[in-house]
1. Once amide H atoms are placed 1.01 Å from N in the peptide plane, what residues at a sequence separation of 5 or more from G107, or on another chain, have their amide H within under 5 Å of its amide H?
2. Which cross-chain or sequence-distant (5 or more) residues have an amide H under 5 Å from the amide H of I53, H modelled 1.01 Å from N in plane?
3. Rounding to the nearest 20 debye, state how big the charge dipole of the chain is about its Cα centre with +1 on each Lys and Arg Cβ and -1 on each Asp and Glu Cβ.
4. Explain nothing, just compute: Karplus ³J(HN,Hα) = 6.51 cos²θ - 1.76 cosθ + 1.60, θ = phi - 60°, for every residue of the range 12-20 in order, whole Hz, x for Gly and Pro.
5. For the pair T194 and Q37, what calculated FRET efficiency results from E = 1/(1 + (r/R0)^6), where r is the Cβ-Cβ distance and R0 = 25 Å, to the nearest 0.05?
6. What list do you get for R128, R49 if you sort them by fewest beta carbons within 10 Å?
7. Straight-line reach from K158: which lysines have a Cα under 23 Å away, not including same-chain ones fewer than 8 places off?
8. For the chain, modelled as a GNM with alpha-carbon contacts under 10 angstrom, which of L116, L125, L16 fluctuates the most?
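Throughout, read-outs are computed from the coordinates displayed, never taken from laboratory work. Just so it is clear, the model here is predicted, and its values are computed rather than measured. Cβ coordinates were reconstructed from backbone atoms using ideal geometry, including for glycine residues, and neighbour counts include every protein chain displayed.
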Amino acid sequence: MTEPLLTTKHNGVVTLTINRPYVRNAVDAETMIRLRQEMERRAVEPDTRVFVITGAEGAFSSGADIQAAMSAGVTPQEAQHILTEAYGPAIRGIRACPWPVIAAVDGFAAGIGCDLALACDIRLLSERGKLAELFIRVGLIPDGGGTYLLPRLVGVGKAFEMMVTGETVNAPDALAIGLANKVFPTETFYADVTAYAEKLASQAPLALVRGKRAMYAALEDSSLAEAMAREAQYQREIFDSEDGFEGFRAFVEKRPPQWKGR
């Protein structure tokens with residue numbers, strides 16, 4: 001078994017790499033729990049200044065590992081528990097991290113993988129980087145904070161369109177709408193990310209921490225936790241429906257879903 005999450009540290013930059021390339025870095029509960037735990041552990045080290053989250057071998061994360069969950073016979077109720085106990089805390093942990101967190105998106109960031117990138121403070125994309133809220137394709141809504149995070153980045157209209165269409169946004173368009181901070185050439189992507197992160201890590205530590213804290217406090221008229229609780233409530237209603245089961249089943253069987261609206 002390979003390690004689902006790899007950690008390296010250099011010049012104050014902690015890099016967390018989702019290491020499940022055989023499923024395009026789709027995440028499971030273990031990976032998300034490890035991500036949160038590693039961030040909490042590394043954040044208090046005296047020489048930590050910046051985090052980078054990325055994926056192995058040309059993909060950021062293709063979302064939740066639905067196929068594995070279905071193969072293991074995970075029920076809608078168990079899926080809801082995993083969302084609440086593993087995925088939600090990891091997303092909130094990224095936003096709560098005192099240090100800047102960079103999403104280095106090389107390849108696809110989809111579904112919960114997209115929300116993982118949205119939770120980060122900065123998104124750096126390679127030229128082949130893409131983001132998509134694909135939940136609608138299995139009859140769900142974003143449940144990784146997407147309804148809270150996405151409109152704050154791109155505005156309500158574009159965020160809603162991405163949510164209800166599952167549109168894939170490529171790197172140039174992501175840059176144009178403010179979803180990406182920078183786009184780097186694919187060939188030099190990780191070197192460029194390293195240089196960017198290390199320059200950020202060289203800034204005044206107290207200003208990094210307090211600046212992040214002050215900015216998000218000023219923005220939040222409602223909290224991410226409240227938004228995610230609302231998402232979880234709505235997602236629970238979908239998980240408990242016929243369509244909720246049909247979405248997962250159709251995905252595994254590689255066929256168009258037959259929605260019934262109940």
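1. S126, R128, G129, K130
2. Residues meeting the amide H criterion: L16, I102, A103, A104.
3. Details: 28 positive and 33 negative charges, 86 e Å.
So the magnitude is around 420 debye.
4. Each residue's phi maps through the Karplus curve to give x, 9, 9, 10, 10, 10, 5, 10, 10 Hz.
5. Numbers: r = 24 Å, r/R0 = 0.96.
About 0.55, to the nearest 0.05.
6. On the way: R128 17, R49 21.
So the ranking, lowest neighbour count to highest, is R128, R49.
7. Once the sequence-local lysines are set aside, what remains near K158 is K130, K182.
8. Highest fluctuation among the options: L16.
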